[in-house]
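S.K.: Quick one: this structure, given as structure tokens, is what I'll be asking you about.
The values are calculated or read from the model by the stated rules, or taken from the named source; none is laboratory data. Remember, predicted model here, so these are calculated numbers, not experimental data. Here the Cβ positions follow ideal geometry from the backbone for every residue, glycine too, while neighbour counts run over all protein chains shown.
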Amino acid sequence: MQLNLKNCLVFFDLETTGINPNSDRIVEISYIKVHPNGKEESKTYRVNPGIPIPKESSDIHHITDADVANCPSFKEIGQTIANDIVGCDLAGFNSNRFDIPLLVEEFLRHDVDIDISHRKLVDVQVIFHKMEQRTLSAAYKFYCNKELEGAHGAEADAKATYEVLKAQLDRYPDLQNDVASLSEFSMHNRNVDFAGKMVYNDANVEVFNFGKYKDIPVEDVLKKDMGYYGWMMNGDFSLNTKNVLTRIRLRSVTK
């Protein structure tokens with residue numbers, strides 16, 4: 001089934017130095033840009049992360065320090081990537097929990113000017129887990145009846161994710177072929193920040209999603225415990241989370 005698109009939809013995958021979106025770095029990014037008319041464009045970049053790639057990560061994606069030694073840094077290619085995806089909706093596999101937060105951190109870290117906070121985000125893994133409970137390789141076998149060659153390579157994984165979503169739409173008539181509906185279906189929570197430290201509750205109010213103030217409105221906490229704001233700003237939270245928290249704080253003091 002071909003995708004019913006209003007905006008371009010970019011399927012992307014990251015290979016990284018580790019699994020912490022706050023501190024790890026991209027070593028490979030691949031993306032497929034699907035236009036509403038069905039046209040497809042793809043790009044893959046190897047990236048010098050500026051830090052050593054741990055062996056346990058290399059064992060998974062088979063990218064070593066030597067492989068990226070002469071590759072551009074994210075600072076060098078970040079704006080090009082941003083230009084390619086500006087105005088696009090985004091799709092990936094486990095992307096809402098990992099790839100999107102890490103990509104946003106890289107953009108913020110290198111002062112790349114792009115805002116994806118209002119874009120639709122489709123997480124194919126969430127659709128898969130809600131429907132079948134498997135991994136990407138199993139999803140590819142299950143939906144496409146193919147073996148995933150080159151798993152844990154960004155290009156292979158991005159292409160497989162694209163094919164799986166199209167097959168999911170063919171398999172499940174209840175899934176709407178519409179990015180807005182797919183984005184809503186693939187959300188775990190309605191996140192305020194990409195890391196999900198703050199979410200919208202049923203009343204559409206921003207509340208904390210962790211810790212001692214879980215489910216308490218962010219504005220209420222900032223009014224009664226400014227030390228919590230300082231703790232978060234100095235803590236191991238993503239730049240995006242800190243930026244969103246600051247925006248809420250500034251908004252509350254101007255009311």
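S.K.: Does any residue in region 204-228 that is under 15 Å from LYS242 (Cα atoms) come within less than 7 Å, Cβ to Cβ, of a residue that is of a type in the set (S, T, N, Q) and in a helix (DSSP H, G or I) six or more places away or on a different chain, and which pairs are these?
M.R.: GLU219/SER252; LEU222/SER252
S.K.: Which one is surrounded by the fewest Cβ atoms within 10 Å (Cβ to Cβ) among residues in region 1-36 that are more than 18 Å from LEU136 (Cα to Cα), touching a residue at least 40 places away in the same chain (Cβ under 8 Å) and out of contact with any strand residue (DSSP E or B) (no Cβ under 8 Å at 6 or more places or on another chain)?
M.R.: Only one residue fits best here, namely GLN2.
S.K.: Return the pairs, sorted by first residue and then second, in which the second residue is modelled with pLDDT of 90 or more and in a loop (DSSP other than H, G, I, E, B), the first residue lies in region 126-153 and is under 16 Å from LEU175 (Cβ atoms), the beta carbons are less than 7 Å apart, and the residues are 6+ apart or on different chains.
M.R.: MET131/TYR172
S.K.: Give region 229-250 a look and list any residue that's without any contact (Cβ under 8 Å) to a residue 24 or more places away in the chain and exposed (fewer than 12 other Cβ atoms within 10 Å of the Cβ), or say none.
M.R.: Passing the criteria: GLY230, ASN234, GLY235, LEU250.
This table checks each residue for (1) assigned to a loop (DSSP other than H, G, I, E, B); (2) under 17 Å from LEU182 (Cβ atoms); (3) in contact with an Asp or Glu (Cβ under 6 Å, 6 or more places away or on another chain).
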site	(1), (2), (3)
ASP59	no, no, no
ILE77	no, no, no
ILE81	no, no, no
VAL104	no, no, no
ASP115	yes, no, no
ARG119	yes, yes, yes
GLN125	no, yes, no
GLY150	yes, no, no
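S.K.: If you don't mind, another one. Report yes if some residue within region 106-121 is modelled with pLDDT of 95 or more and closer than 21 Å to ALA156 by Cβ; otherwise report no.
M.R.: no
S.K.: So, one more: When you go through ILE53, ILE32 one by one, which is the residue that is hydrophobic (A, V, I, L, M, F, W, C) and assigned to a strand (DSSP E or B)?
M.R.: When all the criteria are applied, what remains is ILE32.
S.K.: A further question follows. Looking only at region 127-148, count every residue that is buried (at least 19 other Cβ atoms within 10 Å of the Cβ) and in a helix (DSSP H, G or I) and tell me the total.
M.R.: 6
S.K.: Residues in region 199-218: is at least one part of a helix (DSSP H, G or I) and among the small types (Gly, Ala, Ser)?
M.R.: Yes: region 199-218 contains one or more residues that are part of a helix (DSSP H, G or I) and among the small types (Gly, Ala, Ser).
S.K.: Say we look at region 44-80 and pick out the residues that are of a type in the set (Lys, Arg) and farther than 30 Å from LEU5 by Cβ; which of these is surrounded by the fewest Cβ atoms within 10 Å (Cβ to Cβ)?
M.R.: Residue satisfying both the conditions and the ranking: LYS55.
S.K.: Still on this model: Is it the case that VAL199 is surrounded by 16 or more Cβ atoms within 10 Å (Cβ to Cβ), under 22 Å from SER42 (Cα atoms) and of a type in the set (A, V, I, L, M, F, W, C)?
M.R.: The answer is no for VAL199.
S.K.: Restricting to region 159-188, what's the tally of residues that are without any contact (Cβ under 8 Å) to a residue 24 or more places away in the chain and either not in a loop (DSSP other than H, G, I, E, B) or not assigned by TED's automatic domain parsing to the domain that holds ILE29 (or both)? Working first, answer last.
M.R.: Of all residues in region 159-188, those without any contact (Cβ under 8 Å) to a residue 24 or more places away in the chain come to 163, 173-174, 176, 181, 184.
Next, only the ones that are either not in a loop (DSSP other than H, G, I, E, B) or not assigned by TED's automatic domain parsing to the domain that holds ILE29 (or both) stay: 163, 181, 184.
Qualifying residue count for the region: 3.
S.K.: While we're here: Just to be sure before I move on: is ALA82 of a type in the set (A, V, I, L, M, F, W, C), farther than 30 Å from MET198 by Cα and either modelled with pLDDT of 95 or more or within 18 Å of the chain's Cα centre (by Cα) (or both) in the structure I sent? It would help to see each step written out before you state the result.
M.R.: Details: of a type in the set (A, V, I, L, M, F, W, C): yes; farther than 30 Å from MET198 by Cα: no; either modelled with pLDDT of 95 or more or within 18 Å of the chain's Cα centre (by Cα) (or both): yes.
It is false that ALA82 is of a type in the set (A, V, I, L, M, F, W, C), farther than 30 Å from MET198 by Cα and either modelled with pLDDT of 95 or more or within 18 Å of the chain's Cα centre (by Cα) (or both).
S.K.: Sticking with this one: State yes or no: is GLU41 surrounded by fewer than 17 Cβ atoms within 10 Å (Cβ to Cβ) and among the charged types (D, E, K, R)?
M.R.: Yes.
S.K.: Only one residue in GLU155, GLU163 is over 26 Å from LEU245 (Cα atoms) and in contact with a Ser or Thr (Cβ under 6 Å, 6 or more places away or on another chain). Which one?
M.R.: GLU155
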